[in-house]
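A quick write-up on the structure given underneath.
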């Protein structure tokens with residue numbers, strides 16, 4: 001499954017960079033913070 005592969009890659013990584021587009025709106029910021037939270041919890 002693709003999500004399992006993504007999790008494996010995150011676990012192997014020394015650092016992870018999460019980016020959003022220039023001048024992000026509230027939705028983009030919310031997704032960014034959710035991704036950071038998920039990686040900290042499960043990565």
Given the structure, is residue 41 surrounded by 11 or more Cβ atoms within 10 Å (Cβ to Cβ) and at negative phi?
no
Filtered residue count, segment 1-23, keeping only those that are part of a loop (DSSP other than H, G, I, E, B), surrounded by 10 or more Cβ atoms within 10 Å (Cβ to Cβ) and in contact with a helix residue (DSSP H, G or I) (Cβ under 7 Å, 6 or more places away or on another chain):
3
(1) within 12 Å of the chain's Cα centre (by Cα); (2) part of a helix (DSSP H, G or I); (3) surrounded by fewer than 11 Cβ atoms within 10 Å (Cβ to Cβ): which one isn't true of residue 36, the others all being true?
(3)
Need pairs with beta-carbon distance below 7 Å; first residue farther than 18 Å from residue 36 by Cβ and within segment 1-23, second at pLDDT below 90 and surrounded by 10 or more Cβ atoms within 10 Å (Cβ to Cβ); sequence gap 6+ or separate chains.
none
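The values are calculated or read from the model by the stated rules, or taken from the named source; none is laboratory data. Given the structure is predicted, the values throughout are model-derived calculations rather than measurements. Because the Cβ atoms are built from the backbone with ideal geometry, glycine has one as well, and the counts that use them run over all protein chains shown.
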